[in-house]
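Novice: One structure is given below, represented as structure tokens, and several questions about it will come after.
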Amino acid sequence: MSQATTGVRCCWCDGSLAKEEPGLWWCQTPACRTRQQEYGVGIKSGKAGWRWLFVPTPKQVELCAAPEPYVLFGGAAGSAKSHGARWYLYRECLRPKPAPIECLLLRETFPELERTHLRRMAHEAPLIGAEFIPSRRLMLFPDGSLIECGHMDDADAVQRYLSAEYDRIVPDEGVRFKPGPLLELSTRTVKRRAGGRFIVVTNPGGPASQMLLDFFIDHQPDFDQFGDALQTDYDPAEWRYIEATLDDNPYLDPAYAKALAILPKARYQQLRHANWRVHEGQFFGEWDERTHVVAMEPSRDALWFRSLDWGRNQPGCVLWWVVLPDHQLYIRKDWKFQGMSEQEVAVGIQRIDAELELTKIAYTAADPAIFNKTGATHTQAQFTGQSIGESLNYYGLKLVKADNDRFNGWGRCHALLRPAPDGVPWLRVHPDARYLIRSIPNALSDPKNLDDVDTDSDDHALDAKRYGAMSRPHPLGLRKGRVRFAEGTMGHLRELVRSGGLGRLGSESVRSFHA
């Protein structure tokens, strides 16, 4: 019989959950209750009948039932991620199956592993008929299945994990792991064709946060970083994100959410609202992908220009800009390149010009440093001694030296991300500009100069954005400075001619009319 209800709603039927003996929460809709039972863990208890040890919340059932080989579960703090993941592994080891399975449960450090899982596993093992061996950090089940527990602090242990194969791997708080080893761990569930699964349970905010966002949520990995093979083999349908929040956990003390209010703004957004797009020390706090990223196809007759940050051993980046009719700015495309000659870069830029059906580019604002002659020479003898900028100009890119004032440049970039009087940001970005979209929210402030970007981060798209922003007056200045002429005056008629309002009316006709 129900003892209490909670404000937590069932994610399937939107009904309230109710607390029943012995302290477990159930949805009161029969179909939902059946699904919770299907993924619960219980034992027969004599005359008392069935005794439930673990009943997953509806959101935890989503984790247990997910068929995808790669799953990211969690988001907000207090969403019962660790508890649900551990009991998910128990159920996987206890349920009938053709053969025993081997599972790996990981935390970043040993103290975290001991505090979060080992102590509880020692207590829970006898309840579920398993044996826990503390010295080996191992739980053994009657059919031979096992759960091995480990941490990522020990380099030798990590190599052992990477040299083994598992049916289930669960990195708990995986966002704290280094992105490279975390991704490599996912390859150790090589039995995934037989149901192997790699499940990351975590909050946002840590070294692997962006990688998890790219792979599981946006389904837009940085293919330039991982190579051509990933672009061929990555299947977005295999990578699923299941968001769990405080509002999905009826076991949580209601005061917990209020306690999070003391956190810094970015951390509060991460832990309370599962926001993967904010970071501590975030340089561009104005950025909001929901408003800044919008798909448009500006007129090819508008004023288009490019901005370029050069790179050879390091990545370089080109942005394609458009000045919209209301003088706001729009970045239609970006291109990240690396390890290419000046000619190859020029050909790549012109290829994208053709894809965008552009016949006229006003200019390309480029890092002024590439116009310096520092001893580097072009590969072709006739260009010996030319700067990179001169060589690119030879191939028709119309480069101009950008203003490299970092202080005012970043200030201009901040201003462009703010809303205009109509509520629309001064600068918006097309979804195709993935490198820029990834770079802006990840930019961190330099700890020694908060008005500058930390140059240890991937700032190539950001520099290209700064060069483009500094190549034109701020849109607000354009809008305020525009002169409005009274009807019938020469200025008004010339304005109509420029805008096409008088069709093909020529300057002689304008002068005659004015006379």
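The values are calculated or read from the model by the stated rules, or taken from the named source; none is laboratory data. Just so it is clear, the model here is predicted, and its values are computed rather than measured. As a convention, Cβ positions derive from the backbone with ideal geometry for all residues, glycine included, and neighbour counts pool all protein chains shown. Just the protein is used for accessible areas: all its heavy atoms, side chains included, with ligands, DNA and RNA removed. Shrake-Rupley method; radii C 1.70, N 1.55, O 1.52, S 1.80 Å.
Novice: Got a sec to turn the phi values of segment 54-65 into Karplus ³J(HN,Hα) couplings, 6.51 cos²θ - 1.76 cosθ + 1.60 with θ = phi - 60°, whole Hz, x for Gly and Pro?
Specialist: 3J(HN,Hα) across segment 54-65, in whole Hz: 8, 10, x, 5, x, 5, 5, 4, 4, 5, 4, 8.
Novice: A 26 angstrom limit on the alpha carbon distance is what I want to check against. Which of Lys97/Lys178; Lys265/Lys336; Lys336/Lys360; Lys178/Lys336; Lys373/Lys448; Lys81/Lys448 exceed it?
Specialist: Correct reply: Lys97/Lys178; Lys265/Lys336; Lys373/Lys448; Lys81/Lys448.
Novice: In whole Å, what is the distance between the alpha-carbon centres of segment 410-426 and segment 35-79?
Specialist: 47 Å
Novice: In addition: Rounded to the nearest 5, what is the percent of antiparallel bridges among the DSSP beta bridges in the chain?
Specialist: The antiparallel fraction comes to roughly 50 percent.
Novice: Continuing with the same structure: Taking 0.36 nm per residue of separation and subtracting the Cα-Cα distance, what length does fully extending Glu390 through Lys258 add?
Specialist: 41.6 nm
Novice: In nm, to one decimal, how far is the Leu127 label point from the Lys19 one, both placed 7 Å along Cα→Cβ?
Specialist: Taking the two extended label points, one gets 1.6 nm.
Novice: Next up: Under a crude label model (7 Å from the Cα following the beta-carbon direction), how far is Asp403 from Leu230 in nanometres?
Specialist: Label-label distance for Asp403 and Leu230, simple model: 3.7 nm.
Novice: Just to verify a number: FRET efficiency for Gln37 and His219, C-beta to C-beta distance, R0 = 30 Å, to 0.05? Please list the in-between numbers first.
Specialist: Values: r = 33 Å, r/R0 = 1.10.
My answer for the efficiency is 0.35.
Novice: Let me ask something else. Treat each spin label as a single point 7 Å out from the Cα along the C-beta direction, and report the Leu303 to Tyr251 distance in nm.
Specialist: Simple spin-label model gives 6.1 nm for this pair.
Novice: Continuing with this model, one more query. Determine the share of the chain's accessible area contributed by carbon and sulfur atoms, expressed in whole percent, with a 1.4 angstrom probe.
Specialist: The computed percentage sits at 51.
Novice: Quick one: length gained pulling Trp12 to Glu114 fully straight, 0.36 nm per residue minus the C-alpha distance? All intermediate terms of the calculation are to be shown ahead of the outcome.
Specialist: On the way: separation 102, 0.36 × 102 = 36.72 nm, distance 3.45 nm.
Stretched fully, the Trp12-Glu114 segment lengthens by 33.3 nm.
Novice: What is the Cα convex hull volume of the chain when expressed per residue in Å³?
Specialist: Details: hull volume 111.0 nm³, N = 515.
Taking the convex hull of the Cα positions in the chain, it is 216 Å³ per residue.
Novice: Let me cross-check Thr232: its accessible surface, 1.4 Å probe, with only protein heavy atoms counted, in Å² to the nearest 10?
Specialist: 110 Å²
Novice: I would also like to ask the following. When Lys and Arg each count +1 and Asp and Glu each count -1, what net charge do the other residues less than 11 Å away from Lys59, Cβ to Cβ, add up to?
Specialist: Every neighbour counted, the sum reads -2.
Novice: A further question on this structure: Given the C-alpha atoms of segment 156-218, compute the convex hull and give its volume per residue in Å³.
Specialist: Hull volume over Cα atoms, normalised by residue count, gives 80 Å³.
Novice: Moving to a separate point now. How big is the Rg/Rh ratio for segment 302-438, C-alpha atoms only, Rh by Kirkwood, two decimals?
Specialist: 0.99
Novice: Further, regarding this structure: Let's test this: bin the Cα-Cα distances of segment 98-163 at 10 Å from zero up to the farthest pair and state each bin's percent.
Specialist: Histogramming segment 98-163 at 10 Å steps yields 21, 52, 25, 2 percent.
Novice: Using only the alpha-carbon atoms of segment 168-270 as identical scatterers, what base-10 log of I(q)/I(0) does the Debye formula give at q = 0.18, 0.20 Å⁻¹?
Specialist: -0.98, -1.14
Novice: So what is the 222 nm mean residue ellipticity for the chain from helices alone, if each DSSP H run of at least 4 adds -39500 (n - 2.57) and you divide by all residues, rounding to the nearest 500 deg cm²/dmol?
Specialist: Helix contribution divided over all residues of the chain: -8500 deg cm²/dmol.
Novice: According to the Kirkwood expression over distinct Cα-Cα pairs, how big is the hydrodynamic radius of segment 1-153, in Å?
Specialist: Here the Kirkwood hydrodynamic radius works out to 16.8 Å.
Novice: At a 1.4 Å probe radius, which order do Glu62, Glu102, Glu357 fall into by accessible area, largest first?
Specialist: In descending accessible area the options line up as Glu357, Glu102, Glu62.
Novice: Same structure, new question: With contacts defined as alpha carbon pairs under 8 Å and 6 or more residues apart, what's the relative contact order of the chain in percent?
Specialist: This gives 12 percent for the chain.
Novice: Taking segment 238-325 as the region of interest, what is the percent of Cα-Cα pairs per 5 angstrom bin, listed from the shortest bin to the one with the maximum distance?
Specialist: Answer for segment 238-325: a P(r) of 3, 9, 12, 13, 14, 13, 12, 9, 7, 6, 3, 1 percent.
Novice: How much length would be gained if the chain were fully extended between Arg160 and Tyr268, taking 0.36 nm per residue of separation minus their Cα-Cα distance, in nm to one decimal?
Specialist: 35.2 nm
Novice: Sticking with this one: Taking only protein heavy atoms and a 1.4 Å probe, what accessible area per residue, in Å², does the chain have with all protein chains in place?
Specialist: Values: 24870 Å² over 515 residues.
Spelled out: the 1.4 Å probe surface of the chain, per residue, equals 48 Å².
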